[in-house]
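**Student:** For reference, the structure I am asking about is given below.
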């Protein structure tokens with residue numbers, strides 16, 4: 001079963017009285033353990049789709065099914081709990097908590113409630129992640145003492161700390177130089193292979209796109225290409241015919 | 001308990017030091033002013049009561065009233081053995097007893113005269129006199145003279161008398177006869193609580209009794225000095241019960257709970273005036289009963305201080321509310337991030353409220369410390385002994401007493417007001433949809 005299914009998902013934004021359609025009714029699935037790229041130019045709907053998969057935004061219509069659970073109609077509290085358990089986030093501008101040091105930033109999600117990591121394993125797990133992202137000597141530093149690349153590594157470790165099923169990365173390389181950007185993508189790919197976490201990242205950088213197993217290309221809120229392991233994926237359900245309850 | 005959110009809240013305070021110092025400083029200033037007022041009010045009543053207690057010679061008093069054959073009401077305790085028995089059986093401790101008679105007299109010396117209240121006590125054995133009064137002239141030894149009189153410096157000056165001089169006094173006996181007596185000036189007083197000295201003239205109890213028509217061993221009122229002022233009410237109640245148990249006639253102490261149009265003490269006196277009885281009827285009262293009006297001043301000061309607290313803080317709270325609104329916008333992406341990684345709405349709100357609470361507590365504690373320092377400095381100032389503010393002073397110095405509960409109450413008020421001020425921005429931060437918060441570009 002796919003880990004993520006989007007069914008006829010539409011998202012409209014309201015700018016005053018003007019309705020701006022950001023995502024125009026799209027459907028696709030993502031398989032467990034894949035390294036997925038959502039590609040497209042600015043304004044194509046990448047971030048909106050990631051936000052909806054990440055349950056921090058809700059579709060205007062359509063359904064988002066994560067890990068077998070239809071998220072439609074969940075309360076804010078339930079969505080938050082679900083995010084905490086199942087999802088990890090990496091942001092374009094790192095978004096670390098400035099008053100916490102590297103170790104505390106990585107630990108932070110563990111402190112927010114029950115996770116898949118037993119409490120007696122927290123320390124060794126965080127130490128392992130810090131080692132993985134190569135920040136062993138920086139654990140006591142605050143974010144403002146780190147370079148952009150280092151900050152993004154902290155963010156990756158933070159995203160992984162709860163052992164989520166899915167890690168979402170919204171343009172994780174956009175604020176980094178290309179060499180650092182490639183290192184970050186390589187690191188994500190390495191972790192993807194090692195611990196079989198599903199990674200979904202959005203980008204408009206053609207070089208990075210091609211590292212992915214599964215590429216979903218967008219333009220103007222619709223899918224123009226959906227290829228997995230070099231083959232086209234058949235559309236599930238017709239575009240523009242949202243499922244109504 | 002999850003301590004990470006309070007920890008972040010505390011660190012956020014330190015992150016914007018200028019803002020925190022300004023806001024906490026405003027809170028501290030307000031708390032300081034209010035604490036000073038409370039501290040002054042707290043000691044005001046104590047000082048007034050203590051000073052009056054010495055002026056009147058006790059914290060708790062028993063006085064007796066009876067009607068003479070001619071229907072005149074006089075103040076007298078003929079036989080105090082039952083009172084003494086009641087005192088011992090009340091099970092309470094006291095520091096000293098003082099038997100007092102008094103009369104108003106005109107003192108005359110070489111054509112000069114002055115009207116004074118003469119207080120008759122056992123001069124030679126009074127510890128109170130030596131504790132509270134300082135002599136400028138004469139000697140404590142002279143107090144052994146049977147017709148000794150102690151006057152204040154101002155009275156001595158007015159009459160132009162020196163120790164050893166004989167002063168003539170004109171007065172009425174308890175039954176209303178005119179009488180005269182001769183007193184010999186033993187000492188002239190001045191002391192730091194000068195006003196007591198300047199209005200009090202002390203004479204020998206036995207000699208005064210013989211002049212005003214009371215017998216030996218009789219007197220008008222018994223003053224009971226306690227080791228602690230705040231025990232007076234409990235002491236009076238227990239003495240009252242004990243005396244009642246001995247079968248003595250007593251004026252009801254419950255009249256003190258009267259309607260408030262007059263002080264409880266006035267109410268008791270009025271009741272006494274409207275009654276007739278036979279034999280001796282006693283009343284038991286405390287220095288606080290006499291000073292009920294002074295207590296009203298304290299209530300007014302305290303109420304005023306709460307009003308000031310609220311007005312002052314209404315202004316401070318507007319500043320705090322705006323600051324937190326700005327902080328919320330400054331941290332909007334952090335809020336979005338926290339929400340994304342699993343922080344619940346309520347926890348975002350709590351985080352801001354923690355921050356506000358820490359700010360309020362820090363400000364309040366600093367404010368109280370500042371107030372204590374200011375109090376310590378003000379207490380060092382020595383006032384002129386002749387100063388009319390004597391009654392509110394403690395041995396010539398301002399003094400402060402801050403009731404701990406009131407200090408805690410002020411802190412609580414500040415904490416609640418701050419939380420109220422910050423609730424709206426905290427709630428707005430909590431309700432911000434995470435996607436929108438994350439989209440916002442600072």
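**Student:** With the condition kept exactly as written, say whether any residue in the stretch B:75-91 is in contact (Cβ under 8 Å) with a residue 12 or more places away in the chain, under 28 Å from the mean Cα position of the chain (by Cα) and either within 14 Å of chain A (Cβ to nearest Cβ) or closer than 30 Å to residue B:303 by Cα (or both).
**Tutor:** No, that holds for no residue.
**Student:** I would also like to ask the following. Tell me, which helices (runs of 4 or more DSSP H) lie completely within the stretch B:276-353 with 1 or more residues that are within 14 Å of another protein chain (Cβ to nearest Cβ) and surrounded by fewer than 22 Cβ atoms within 10 Å (Cβ to Cβ)?
**Tutor:** Correct list: B:292-330, B:332-341.
**Student:** Something else now. Mind checking whether some residue in the stretch B:267-274 is surrounded by fewer than 14 Cβ atoms within 10 Å (Cβ to Cβ), outside the structural domain of residue B:418 (by TED's automatic domain parsing) and not in a helix (DSSP H, G or I)?
**Tutor:** Looking for residues that are surrounded by fewer than 14 Cβ atoms within 10 Å (Cβ to Cβ), outside the structural domain of residue B:418 (by TED's automatic domain parsing) and not in a helix (DSSP H, G or I), one finds none in the stretch B:267-274, hence no.
**Student:** How many residues are crowded, with 16+ Cβ neighbours inside 10 Å and at pLDDT below 90 when one looks only at the stretch A:104-116?
**Tutor:** Going through the stretch A:104-116 one residue at a time, the tally reaches 2.
**Student:** Report yes if some residue within the stretch B:377-399 is in the same structural domain as residue B:26 (by TED's automatic domain parsing), modelled with pLDDT of 90 or more and surrounded by fewer than 19 Cβ atoms within 10 Å (Cβ to Cβ); otherwise report no.
**Tutor:** The answer is yes; a qualifying residue exists.
**Student:** Does residue A:57 fit the bill of being within 14 Å of the chain's Cα centre (by Cα) and free of Cβ contacts under 8 Å to residues at least 60 places away in the same chain?
**Tutor:** When the stated conditions are applied, residue A:57 passes them.
**Student:** Counting only residues that are under 17 Å from residue B:129 (Cα atoms) and either touching a helix residue (DSSP H, G or I) at 6+ places or on another chain (Cβ under 8 Å) or at pLDDT 85 or above (or both), which one in the stretch B:207-246 is surrounded by the fewest Cβ atoms within 10 Å (Cβ to Cβ)?
**Tutor:** Per the criteria, the residue is B:225.
**Student:** Still on this structure, please answer the following. Tell me the residue from A:87, A:100, A:96 that is touching a residue at least 60 places away in the same chain (Cβ under 8 Å), more than 11 Å from residue A:155 (Cα to Cα) and within 9 Å of another protein chain (Cβ to nearest Cβ), please.
**Tutor:** A:87
**Student:** Testing residue A:51 on (1) within 24 Å of residue B:432 (Cα to Cα); (2) touching a strand residue (DSSP E or B) at 6+ places or on another chain (Cβ under 6 Å), one condition comes back false. Which one is that?
**Tutor:** So the condition that residue A:51 fails would be (2).
**Student:** For the stretch A:118-125, does any single residue satisfy the condition of being modelled with pLDDT under 90, outside any loop (DSSP other than H, G, I, E, B) and surrounded by fewer than 20 Cβ atoms within 10 Å (Cβ to Cβ)?
**Tutor:** No, that holds for no residue.
**Student:** For residue A:42, indicate whether it is in contact (Cβ under 8 Å) with a residue 24 or more places away in the chain, more than 7 Å from every other protein chain (Cβ to nearest Cβ), surrounded by fewer than 17 Cβ atoms within 10 Å (Cβ to Cβ) and assigned to a loop (DSSP other than H, G, I, E, B).
**Tutor:** Yes; evaluated as a whole, the condition is true for this residue.
**Student:** Also: Is the stretch A:185-195 home to any residue that is in contact with a helix residue (DSSP H, G or I) (Cβ under 8 Å, 6 or more places away or on another chain), within 14 Å of chain B (Cβ to nearest Cβ) and buried (at least 22 other Cβ atoms within 10 Å of the Cβ)?
**Tutor:** no
**Student:** Let me ask something else. Among B:53, B:148, B:105, B:86, which is the only one that is surrounded by 19 or more Cβ atoms within 10 Å (Cβ to Cβ), in contact with a helix residue (DSSP H, G or I) (Cβ under 7 Å, 6 or more places away or on another chain) and under 30 Å from residue B:176 (Cβ atoms)?
**Tutor:** Result of the check over B:53, B:148, B:105, B:86: B:148.
**Student:** Would you pick out the residues in the stretch A:177-190 that are part of a helix (DSSP H, G or I) and out of contact with any strand residue (DSSP E or B) (no Cβ under 8 Å at 6 or more places or on another chain)?
**Tutor:** Answer for the stretch A:177-190, where residues must be part of a helix (DSSP H, G or I) and out of contact with any strand residue (DSSP E or B) (no Cβ under 8 Å at 6 or more places or on another chain): A:178, A:179, A:180, A:181, A:182, A:183, A:184, A:186, A:187, A:190.
**Student:** Also: Among the numbered conditions (1) more than 14 Å from every other protein chain (Cβ to nearest Cβ); (2) surrounded by fewer than 22 Cβ atoms within 10 Å (Cβ to Cβ); (3) part of a helix (DSSP H, G or I), tell me where residue B:38 comes up short.
**Tutor:** All conditions pass for residue B:38, except number (2).
**Student:** Just to verify a result, which residue in the stretch B:14-25, among those that are under 40 Å from the mean Cα position of the chain (by Cα) and surrounded by fewer than 20 Cβ atoms within 10 Å (Cβ to Cβ), is farthest from the other protein chains (Cβ to nearest Cβ)?
**Tutor:** B:25
**Student:** A further question follows. Given the condition free of Cβ contacts under 8 Å to residues at least 60 places away in the same chain, in contact with a strand residue (DSSP E or B) (Cβ under 9 Å, 6 or more places away or on another chain), under 26 Å from residue A:209 (Cα atoms) and buried (at least 17 other Cβ atoms within 10 Å of the Cβ), answer yes or no: does some residue in the stretch A:26-38 qualify?
**Tutor:** No.
**Student:** Residue check: is residue B:85 touching a strand residue (DSSP E or B) at 6+ places or on another chain (Cβ under 8 Å) and modelled with pLDDT of 85 or more?
**Tutor:** no
**Student:** Provide a single number: the residues in the stretch A:52-80 that are within 7 Å of chain B (Cβ to nearest Cβ) and closer than 17 Å to residue A:164 by Cβ.
**Tutor:** 3
**Student:** Next question. Being over 21 Å from the mean Cα position of the chain (by Cα) and either more than 24 Å from residue B:434 (Cβ to Cβ) or more than 9 Å from every other protein chain (Cβ to nearest Cβ) (or both) is the filter here, so list the residues in the stretch A:103-124 that pass it.
**Tutor:** A:103, A:118, A:119, A:120, A:121, A:122, A:123, A:124
**Student:** Let me spell it out: the conditions are (1) under 30 Å from residue B:344 (Cβ atoms); (2) assigned to a helix (DSSP H, G or I), and residue B:2 meets all of them except one. Which number is the exception?
**Tutor:** Status for residue B:2: all satisfied but (2).
The values are calculated or read from the model by the stated rules, or taken from the named source; none is laboratory data. Note that the coordinates shown come from a computational prediction; the quantities given were computed from them, not determined experimentally. Neighbour counts run over all protein chains shown; Cβ positions are idealised from the backbone, glycine included.
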